[in-house]
Amino acid sequence: MSNGLTFAQLRATRPVILPSMLLCDFGNLEREVRAVEEAGARALHLDIMDGHFVPNITYGFTIIEAVRRVTELPLDVHLMITNPEKYIPQFVESGAGLISIHIEAVEDPRPLLEQIRSLGSAAGLVLNPPTPVSAVEPYLEACDYVLAMTVMPGYGGQKFDESVLSKVRELRAMLPPEVLVEVDGGVSAETIAACAEAGAEMFVTGSAIFRTPDYAASLVELQRLAQVNR
Ligand SMILES: O=C(CO)[C@H](O)[C@H](O)COP(=O)(O)O
Ligand SMILES: [Co+2]
């Protein structure tokens, strides 16, 4: 099963806006996916929440498979779950071309990051706003991207945490250029340029797209604001 573009192909199109399907209309999922794809999205972000690692519960393999059936876009699957090690092969099989795991959810992320890569997907490591960069530093060479959460995970529509921008700068400075920094949480027309200036090149946007009347206009504006000459 094709899981969309390779990560290298996606990286070549950076900066990348990734609509988060957390706040879309799940009663019309196919229409929502096609709308953001036609609006120019080059990847989708799928938030998996288990009600244990985070206080919210979203969806699992069946929704990923449903989205995979209606688009070839790469699916960036954000695992906000405990025991992610139990499920990596199933997430790859369901269509996840990129899989990110939280450093706060595992003892040692290295084997999981290596397993994700060995199964042909891109491996991401996530850190919450309070988690210091030092927590992920030992594992960076096993990552294709690092996701710096700009809200505490669990819900869309939260307020962007500006204090994370210094972590984005720190990550950008320590990572090799081929490893991308992703931001997720409250990324909008008001905050995306500061994220890009700090070095982010993958931008998860939920409410900044799905809480607006015109997805295409929102996506085009976000893409414009994400272009900065650092
Ligand atoms: O991981 C997430 C929340 O835990 C979501 O991806 C993120 O919050 C998207 O929603 P918004 O852009 O509205 O913040
Ligand atoms: Co997310």
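What value, in deg cm²/dmol to 500, does the helix sum -39500 (n - 2.57) over DSSP H runs of n ≥ 4 give at 222 nm once divided by the residues of the chain?
On the way: 9 runs with 74 residues, N = 230.
After summing the helix terms and dividing by the residues of the chain, the value is -8500 deg cm²/dmol.
Heavy atoms only, probe 1.4 Å: what % of the accessible area of the chain goes to carbon and sulfur, would you let me know? Can you show the working numbers first?
Values: 4850 of 9390 Å².
Answer for the chain is 52 percent, counting heavy atoms of protein chains only.
Packing-wise, with mean Cβ within 10 Å as the measure, how do 153-162, 203-212 rank, highest first? Write out the running numbers ahead of the final one.
Values: 153-162: 16.9, 203-212: 23.3.
Top of the packing list down: 203-212, 153-162.
Please say if region 112-178 is rounded, prolate or oblate, where rounded means a/c under 1.5 for a ≥ b ≥ c the square roots of the C-alpha gyration tensor eigenvalues, and otherwise the choice is prolate for a/b larger than b/c and oblate otherwise?
Values: a/c = 2.29, a/b = 1.45, b/c = 1.58.
Oblate shape, in that a/c is at least 1.5 and b/c is the bigger or equal ratio.
Excluding ALA35 itself, calculate the net charge of residues whose Cβ lies under 11 Å from the Cβ of ALA35, where each Lys or Arg counts +1 and each Asp or Glu counts -1. Display every interim value, and only then the final one.
On the way: positive: ARG31, ARG34; negative: ASP25, GLU30, GLU32, GLU37, GLU38, ASP214.
Its environment carries a net charge of -4.
Looking at the square roots a ≥ b ≥ c of the eigenvalues of the Cα gyration tensor of the chain, which shape do they give, rounded for a/c under 1.5, prolate if a/b is larger than b/c, or oblate?
Working: a/c = 1.34, a/b = 1.05, b/c = 1.27.
Rounded, because the longest to shortest axis ratio a/c is under 1.5.
Please compute the net charge surrounding ASP184, taking Lys and Arg as +1 and Asp and Glu as -1 over other residues with Cβ under 14 Å from its Cβ.
Working: positive: LYS159, LYS167; negative: ASP47, ASP76, ASP161, GLU182, GLU201.
Overall, the nearby charge balance is -3.
Averaging sequence separations of C-alpha pairs under 8 Å and six or more residues apart, then dividing by the length of region 148-189, give the relative contact order as a whole percent. If you can, show how the numbers build up before the last one.
Values: 45 pairs, mean separation 24.5, N = 42.
Answer for region 148-189 is 58 percent.
Run the numbers on region 7-226 and let me know its relative contact order in percent, using alpha-carbon pairs under 8 Å that are six or more apart.
Details: 449 pairs, mean separation 46.4, N = 220.
That works out to 21 percent.
The values are calculated or read from the model by the stated rules, or taken from the named source; none is laboratory data. No experiment lies behind these values; they were computed from the predicted model shown. Quick reminder, even Gly has a Cβ in these numbers, built from the backbone with ideal geometry, and neighbours come from all protein chains shown. Heavy atoms of the whole protein, side chains included, go into the accessibility calculation; ligands, DNA and RNA do not. Shrake-Rupley method; radii C 1.70, N 1.55, O 1.52, S 1.80 Å.
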